[in-house]
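Engineer: Questions regarding the structure given below will be posed in turn.
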Amino acid sequence: MSASTENVRRLSVVDIAKLYADGQRIATITAYDFPTASLVDEAGIPLILVGDSLAQVLLGYDTTVRVTMEEMLHHTKAVVRGTKRALIVGDMPFLSYNTPDEAVHNGGRFLREGGAQAVKVEGGVRSARVIEALVKAGIPVMGHIGLTPQAINTIGKVRVQGKSKDQARSLLADALAVQEAGAFAIVLELVPGQLAEAITKRLRIPTIGIGAGAGCSGQIQVITDTLGWGDWTPKHARKYADLHGTILAAIQSYRADVENGSFPGDAETVLMDPEVLDEVLGRSADDSPSREPIAGIPLDRDL
Ligand code: KIV
């Protein structure tokens, strides 16, 4: 079903649970703005994350740690306005869910002000209390374990999580803690494929993998990686388009056309009645440069 269908309704976490129960893999992607979100919705993606990857992808920050609640809300609202069907998850930014009270306050803002239907928080065992409080308050939660980019200052660098025995055990414990706390789904980021599959088999909520292999219940990608919009593609991503190349070539053509005078042409120019102009300039019909009708945008067209 595409969002262009009449009578579309917004999906809920119950619909996501149904997709999971039916064994349908859940295609999830990030979006941060109105036009992109509209296309994602039209393509029939059921679950959209307004990720805090907004920080690097759209706002030019170096890490997700820098993005604020206000910035996240601003973009969440745009994504919600651009969509009719997809369930929208707002990503709770660094330090916005340190305590259960803060989490409920800020999570509530994503739903009430932002119009999202759920939030995402990073962390397993360490975030269980916060997830429980959010769920109790009526705020559906997507968990996120494995690589948790908001912890970049403690983990040092982006790397696969869970390769050693200890790490694998603690990831399994994290996944179970997130599930028991009431999350409706859980992102597994940069986790070895076999471990992600084993975790998926032990849970009764869907796992949404990114760099975690095909054994998860669904996949999530950062949209600019999928569209080839950035200047590099991470190993776990597949480029389905080359927007970087397409946009660059289009802007270069535009620049060339402006510089060589071929843009705008007649088709892109609005014309007025030449007699009106003659009168304004106080010139006679004979002085007028041309009395011939010129092709152009009709006078009565709304621009
Ligand atoms: O912020 C984000 O885009 C994410 C995904 C990578 C899961 O958290």
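Engineer: Have a look at PHE34, PHE184, PHE263 and tell me which one the Gaussian network model of the chain (Cα, springs below 10 Å) gives the largest fluctuation.
Structural biologist: The residue with the greatest mean-square fluctuation here is PHE263.
Engineer: While we're here: Any idea of HIS74's accessible area? Nearest 10 Å², probe 1.4 Å.
Structural biologist: Estimated to the nearest 10 Å², HIS74 gives 120 Å².
Engineer: Evaluated at 4 °C with a viscosity of 1.567 mPa s, what Stokes-Einstein diffusion coefficient in µm²/s does the chain have when Rh comes from the Kirkwood expression over alpha-carbon pairs?
Structural biologist: Once the numbers are plugged in, D ends up at 60 µm²/s.
Engineer: Tell me whether segment 67-116 comes out rounded, prolate or oblate; compute the Cα gyration tensor, take square roots of the eigenvalues as a ≥ b ≥ c, and use a/c under 1.5 as the rounded threshold. All intermediate terms of the calculation are to be shown ahead of the outcome.
Structural biologist: Details: a/c = 2.56, a/b = 1.84, b/c = 1.39.
Verdict is prolate for segment 67-116.
Engineer: Also, I was wondering about something else. Modelled label-to-label distance, MET272 and ARG169, 7 Å Cα→beta-carbon offset: nm?
Structural biologist: For MET272 paired with ARG169, the spin-label model returns 8.2 nm.
Engineer: Still on this model: Distance from a point 7 Å along Cα→Cβ of ARG204 to each backbone N in segment 165-179: keep the residues under 15 Å and list them by number.
Structural biologist: Within reach of a label on ARG204: 176-179.
Engineer: Now, a different point. Can you tell me which aspartates and glutamates have their Cα less than 14 Å from the Cα of LYS239? Leave out same-chain residues fewer than eight positions away.
Structural biologist: Reachable aspartates and glutamates: ASP225, ASP231.
Engineer: Once Lys and Arg get +1 and Asp and Glu get -1 on their Cβ, which of LEU54, GLN24, THR83 lies farthest toward the positive end of the dipole of the chain?
Structural biologist: Value computed over the given set: GLN24.
Engineer: Once amide H atoms are placed 1.01 Å from N in the peptide plane, what residues at a sequence separation of 5 or more from ILE29, or on another chain, have their amide H within under 5 Å of its amide H?
Structural biologist: When sequence neighbours closer than 5 places are left aside, the close amide H contacts are LEU47, LEU49, GLN221.
Engineer: Could you check which residue among LEU188, LEU281, LEU58 shows the biggest mean-square fluctuation in a GNM of the chain with a 10 Å Cα cutoff?
Structural biologist: LEU281
Engineer: Still on this structure, please answer the following. Using a Cα-Cα cut-off of under 20 Å, which lysines could be cross-linked to LYS77, ignoring same-chain neighbours fewer than 8 residues away?
Structural biologist: LYS120
Engineer: Springs between alpha-carbon atoms under 10 Å, Gaussian network over the chain: tell me which of ASP22, ASP225, ASP273 tops the mean-square fluctuations.
Structural biologist: ASP273
Engineer: Report the calculated FRET efficiency for ASP257 and PHE34 (r = Cβ-Cβ distance, R0 = 25 Å), to the nearest 0.05.
Structural biologist: 0.35
Engineer: Calculate the dipole size of segment 36-186 relative to its Cα centre from +1 charges on Lys and Arg beta carbons and -1 charges on Asp and Glu beta carbons; express the result in debye to the nearest 20.
Structural biologist: That gives segment 36-186 a dipole magnitude of about 240 debye.
Engineer: Between VAL65, GLY156, PHE263, whose Cα lies farthest towards the positive end of the dipole of the chain when Lys and Arg beta carbons carry +1 and Asp and Glu beta carbons carry -1, centred on the Cα centre?
Structural biologist: GLY156
Engineer: First compute the accessible area of the chain with a 1.4 Å probe, then give the percent of it belonging to carbon and sulfur atoms.
Structural biologist: Of all accessible area on the chain, carbon and sulfur atoms account for 55 percent.
Engineer: When ligands, DNA and RNA are left out and all protein chains stay put, how many square angstrom of accessible area per residue does the chain have with a 1.4 Å probe?
Structural biologist: 54
Engineer: Length gain on complete extension for the stretch ASP22 to ARG66, per 0.36 nm per residue less the alpha carbon to alpha carbon distance? The partial results should precede the final answer.
Structural biologist: Numbers: separation 44, 0.36 × 44 = 15.84 nm, distance 3.88 nm.
Between ASP22 and ARG66, full extension yields an extra 12.0 nm.
The values are calculated or read from the model by the stated rules, or taken from the named source; none is laboratory data. From a predicted model like this one, the values you see are computed outputs, not experimental measurements. Heads up, the Cβs are rebuilt from the backbone with ideal geometry, glycines too, and the neighbour counts pull from every protein chain shown. Only protein heavy atoms, including side chains, enter the accessible area calculation; ligands, DNA and RNA are left aside. Shrake-Rupley method; radii C 1.70, N 1.55, O 1.52, S 1.80 Å.
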